1. State whether one or more residues within region 416-424 are of a type in the set (D, E, K, R) and closer than 28 Å to T301 by Cα.
2. Quick one: is R681 more than 25 Å from the chain's Cα centre (by Cα) and surrounded by fewer than 21 Cβ atoms within 10 Å (Cβ to Cβ)?
3. Within region 94-132, track down each residue that is in contact (Cβ under 8 Å) with a residue 40 or more places away in the chain and assigned to a helix (DSSP H, G or I).
4. Which of (1) surrounded by 21 or more Cβ atoms within 10 Å (Cβ to Cβ); (2) of a type in the set (G, A, S); (3) at pLDDT below 95 is the odd one out, the single condition S486 does not satisfy?
5. Which one is farthest from K530 (Cα to Cα), of the residues in region 581-597 that are in contact (Cβ under 8 Å) with a residue 40 or more places away in the chain and among the β-branched types (V, I, T)?
6. For region 558-586, what are the residues that are buried (at least 20 other Cβ atoms within 10 Å of the Cβ) and closer than 30 Å to K635 by Cβ?
7. Pick from region 405-428 the residues that are in contact with a Ser or Thr (Cβ under 8 Å, 6 or more places away or on another chain) and without any contact (Cβ under 8 Å) to a residue 40 or more places away in the chain: which of them is surrounded by the most Cβ atoms within 10 Å (Cβ to Cβ)?
8. Would you pick out the residues in region 81-96 that are out of contact with any helix residue (DSSP H, G or I) (no Cβ under 9 Å at 6 or more places or on another chain) and more than 16 Å from H137 (Cα to Cα)?
Amino acid sequence: MNFCKIMCLAGTLLASDCLFSQTSPPDSLDERQLQAVEIAVERENIARLPQVQGAYLWSGKKSEVINLENVDANVAEKTPRQIFAKVPGVFVYDMDGTGNQTNISTRGLDPHRGWEFNIRTDGIITNSDIYGYPASHFSLPFEAVGRIELVRGTGALQYGAQFGGMLNYSLKQPDTTKAVGFETVNSIGSFGLLSTYNAVGGKVGKVQYYAFYSKRVSDGYRDNSASDYDGQGLVLKYMPSDNFSIKAELLRSNYLYRIPGPLTDAMLAENPRQATRSRNYFNPEIYIPSLTAEWNISPQTRLQWTASAVLGERSSVRNDNPATVPDTINAATLAYSPRAVDIDRFNSRTSELRLLQEYHLLGRKSLLAAGVQYFNNDLHRRFTPNGGSTGTDYDVSIDPAKGWLRDLHFKTQSVAFFAENKFQITSKLSVTPGLRYEIGDSKMSGTLAYYDPEDLPTTIKHNFPLLGVSAEYVLSSRQNLYAGWSQAYRPVIFKDIIPGNAFERTDDNLKNADGYNAEIGWRGAAGGFKWDVSAFRLQYNNRLGSVSVDEGGAFYVLRTNIGNSLTHGLEIFGEYGFRVAGQLRASVFTSTAFFDAKYQDAQFRVGTENRDIDGNRVESVPEWISRNGLNLKYKDLSVSFLYSYTGETFADPLNTVEPSATGAVGLVPSYGLLDLNASYRVRNLLFRLSVNNLTDEQYFTKRPSFYPGPGVWPSDGRSVVLTVGVRI
């Protein structure tokens with residue numbers, strides 16, 4: 001078989017056109033020549049994780065891999081609906097168009113800074129504090145990311161107990177054929193966007209290195225919504241032999257975002273770009289140091305050890321009253337009111353040891369993935385509701401006379417043991433049972449001025465076993481069936497226990513959330529068509545929710561166990577590629593999900609009244625999310641159209657339709673968006689044009705009930721981004 005045909009059949013590449021030209025056989029050996037071979041290969045921008053990767057075992061799991069370098073998308077601003085377009089069911093909070101945070105979820109979970117996921121970079125955990133504040137405040141520039149790996153919740157046993165699954169951002173790799181390689185990617189766009197990304201990498205002897213610097217500024221779509229971001233990274237990898245390597249990484253992200261404040265529905269209709277705040281700011285600065293060692297002890301045994309930390313602060317200064325309460329100068333004092341100040345200091349340390357062992361059982365190869373994970377976290381939270389400055393600039397200093405209303409440490413030590421074993425039952429059927437057991441505790445200490453110290457829980461125990469099983473049946477070389485069931489767990493976190501601000505009240509008897517993910521699916525490829533279709537069931541017990549209450553203009557949030565929820569759904573991906581004419585090729589795809597998310601045995605108390613919400617829809621869960629695209633390719637030019645539809649959602653468990661006076665409660669209407677992206681890649685140059693929200697749709701995705709302010713938060717209108725990249 002000639003080389004071109006081999007490339008056509010390779011499972012990791014989609015060779016659309018293979019042209020092999022050869023003259024007639026030579027008359028003699030002396031006249032034989034090597035003729036030119038032309039290979040035209042189109043790399044897939046969506047794929048699946050292999051059954052084994054490093055010391056991880058993914059057999060039978062539902063997974064997606066996004067090859068980011070092949071995606072036509074607005075990478076400079078990390079537009080999630082474009083980047084995750086081919087991952088069915090990804091729900092996005094579009095509240096910050098500056099590209100600072102990625103707020104996504106799947107299967108009807110909460111998208112807030114992805115805190116239902118175990119979020120990683122190069123396999124290193126970046127959640128700020130898994131037990132205290134699981135959001136990920138670390139913000140990678142996506143120009144540094146080579147691929148994104150997503151494993152749904154049934155993979156929870158190996159990496160963590162989160163309901164959402166694992167989301168891993170894998171950094172670009174250096175060109176090891178060079179001692180020094182360089183890349184620069186620069187963007188300019190609407191609303192004052194300027195972005196630059198610069199990286200160097202290569203290999204010198206047995207050392208590989210990659211370093212990057214990113215800077216992005218934007219005035220923002222709305223008034224008073226400017227953003228200033230910078231991020232850096234350094235990766236050093238030493239390989240003394242083919243079987244052993246040690247890698248050190250240091251990553252940092254920092255941004256200052258001016259928060260424009262919420263709107264009411266009337267304000268949104270009048271002018272979605274207006275702001276109700278000019279003195280609100282948010283600033284997380286996060287460092288991620290890590291050390292990773294990998295040792296292939298034998299062809300059958302792999303060992304991996306990582307030690308990492310999440311260090312830094314998340315700070316904010318703000319007036320977070322509803323939009324109906326203006327932030328104005330007091331006539332008596334001739335000054336603004338003092339602002340609220342939040343400062344969270346993260347000190348989360350993790351060590352993880354993994355083993356992958358191949359062995360034979362009854363004449364068939366089996367695989368064991370096992371390990372231990374140790375957490376040692378110290379979350380230091382300080383808050384004052386009115387002790388901040390009266391100025392207009394970013395300033396987190398406080399009045400010493402008022403001090404901190406809350407000054408608490410939330411310290412956690414926990415150990416998790418996990419194991420999964422793939423049993424090859426027949427040549428086509430494999431079954432992988434597994435377990436995870438976590439044990440530890442969180443201890444709280446400090447002061448809370450507005451809480452009786454006797455009511456403050458000082459120790460919270462973490463002691464839970466999780467079980468799961470997955471299976472895979474190979475139908476052919478390009479098709480398989482998969483199924484899985486896995487328990488999940490979400491501990492009561494710091495925010496669930498302690499009211500965060502004047503708008504929140506907390507139930508005294510919170511319970512930990514638990515439940516399971518179950519799924520069954522069929523994926524494969526045939527001809528120019530590829531698909532992945534699955535059905536899932538997510539049971540979420542003792543659901544922790546924020547109940548928005550707006551009683552006669554008196555607004556507050558009740559944090560409580562509001563009951564159980566059950567989400568059934570379908571996740572459908574299908575793509576068909578074909579030749580139009582000559583070198584013009586096209587592909588069409590749909591990435592569609594259906595959610596039926598309802599409360600079970602659920603009620604909550606408003607005043608002295610218990611209201612039954614059994615059968616109500618879970619808030620912020622649309623029934624339909626559908627993203628559909630057309631891609632045209634001609635030689636080095638690629639043009640993509642994407643239409644994204646998100647169904648209507650409710651903002652509260654009561655399923656309130658009519659908006660409240662503050663805008664914090666009410667229906668979130670459905671919306672459809674059209675995006676256009678065009679890329680031209682030739683040799684070492686990249687040119688890209690992104691037109692986001694082409695029809696200038698005025699929409700919003702959430703009515704927050706607490707931070708960053710109760711009310712409507714408009715999403716961005718039409719914008720244009722131009723990008724130029726060079727790699728040498």
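The values are calculated or read from the model by the stated rules, or taken from the named source; none is laboratory data. Note that the coordinates shown come from a computational prediction; the quantities given were computed from them, not determined experimentally. Please note: Cβ atoms are built from the backbone with ideal geometry, for glycine as well, and neighbour counts cover all protein chains shown.
1. Checked region 416-424: at least one residue is of a type in the set (D, E, K, R) and closer than 28 Å to T301 by Cα.
2. Yes: the conditions hold for R681.
3. G114, the sole residue that qualifies.
4. All conditions are met except number (3).
5. Our first condition is that a residue be in contact (Cβ under 8 Å) with a residue 40 or more places away in the chain; within region 581-597, this holds for 583-589, 591-593, 595, 597.
Applying the additional criterion that residues be among the β-branched types (V, I, T) yields 588, 592.
Details: V588: 11, T592: 14 Å.
Only one residue tops the list, namely T592.
6. F573, E575, R585
7. Out of the qualifying residues, it is K411.
8. Of everything in region 81-96, those that are out of contact with any helix residue (DSSP H, G or I) (no Cβ under 9 Å at 6 or more places or on another chain) and more than 16 Å from H137 (Cα to Cα) turn out to be R81, Q82, F84, A85, K86, V87, P88, G89, F91.
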